[in-house]
1. I'm checking my understanding of the structure. Among residues of region 42-80 that are free of Cβ contacts under 8 Å to residues at least 12 places away in the same chain and either outside any loop (DSSP other than H, G, I, E, B) or in contact with a Ser or Thr (Cβ under 8 Å, 6 or more places away or on another chain) (or both), which one is surrounded by the fewest Cβ atoms within 10 Å (Cβ to Cβ)?
2. Can you pull out the residues in region 182-194 that are of a type outside the set (Gly, Ala, Ser) and crowded, with 22+ Cβ neighbours inside 10 Å?
3. Would you mind stating whether Leu283 is part of a helix (DSSP H, G or I), touching a Pro at 6+ places or on another chain (Cβ under 8 Å) and free of Cβ contacts under 8 Å to residues at least 60 places away in the same chain?
4. Out of the residues in region 236-276 that are of a type outside the set (A, V, I, L, M, F, W, C), in contact (Cβ under 8 Å) with a residue 60 or more places away in the chain and outside any loop (DSSP other than H, G, I, E, B), which is surrounded by the fewest Cβ atoms within 10 Å (Cβ to Cβ)?
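Values in this text are rule-based calculations from the coordinates and carry no lab data. Because the structure is a prediction, the values reported are computed rather than measured. Positions of Cβ are generated from backbone atoms using ideal geometry, with glycine treated the same way; all protein chains shown enter the neighbour counts.
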Amino acid sequence: MSATSSGTWKLGDRQVNRLGFGAMRLTGNGMRDIPDGAPIDTDRAISVLRRAVDLGVNHVDTAAFYVAANELINRALAPYPDDLVIVTKVGPGRGPTGEWLPPAAPEELRDQVEENLRQLGRDHLDVVNLRRMGQDSIAEHFGALAELRDAGLIRHLGISNVGPEHLDEAQAIAPLICVQNWYGLDHRTADANGLLDRCGEQGIAFVPFFAIAGDRQEESADGTHNDEVLAVARAHGVSPAQIRLAWTLHRGPHVLAIPGTGTPGHLTENVAAGALRLSQVELTRIGALR
């Protein structure tokens, strides 16, 4: 079993396996305020990260605002394997005690990029996604990141939490290699607005988050799977979560999955989902669900 079974995609100038790893859940829930988050099991988190790489994962998604995820990645994986691509995000920010700050202004993005560099122990970042924080236009923020790319701090750029209009805005400023949006079996805005297909047509990776949890977002999807998903899971002898991941990967060769977990068992299941091949009948059956 290896992440290589999921197929590959060229992310910028780097080839990655389509089944990657999201670091948010390493810290219990990296998007929560720190007082509400689960205690961090450092040893287990480091073990999960190392096991992910052993299983062929070479695309890790993270952010400085995921509590301590960057530091865990640094401790677990540095010196980094040559084929490992670390993708981070900027836009949201936290204060010194973990409190959420107002979204960064364009001139503050350099500080966030440098924060990621320090935490990860890198002299450049492979990919930085601009996480849109509700603003209508991303041009000024994305332009600031493009300047940092020109300065050598960033190799490639992406955007997150966006619509098709933001794809156009970004591409008018600088080359774009990925779009990271909320997408899954029961949350398909990117189908309705055509963003997923447009990314494929333009050779841009589409990277869903919450692909398993769907509308439950940071919460577990356990107990929420409908009868069709359960039936297909039974037919393959796998979990419903694995079927959701497999369905996501079947949406196109440019779709990359970044399921996150803090437990070794779920990691193994997630990686194994990359090898699942669903029939067209099964895909139609599951895809009809809304």
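1. Applying the filter and picking the extreme gives Asp43.
2. Taking region 182-194 and keeping what is of a type outside the set (Gly, Ala, Ser), we get 182-183, 185-189, 191, 193.
Those that are of a type outside the set (Gly, Ala, Ser) and crowded, with 22+ Cβ neighbours inside 10 Å: Tyr183, Leu185.
3. Against the criterion (part of a helix (DSSP H, G or I), touching a Pro at 6+ places or on another chain (Cβ under 8 Å) and free of Cβ contacts under 8 Å to residues at least 60 places away in the same chain), Leu283 does not qualify.
4. Pro264
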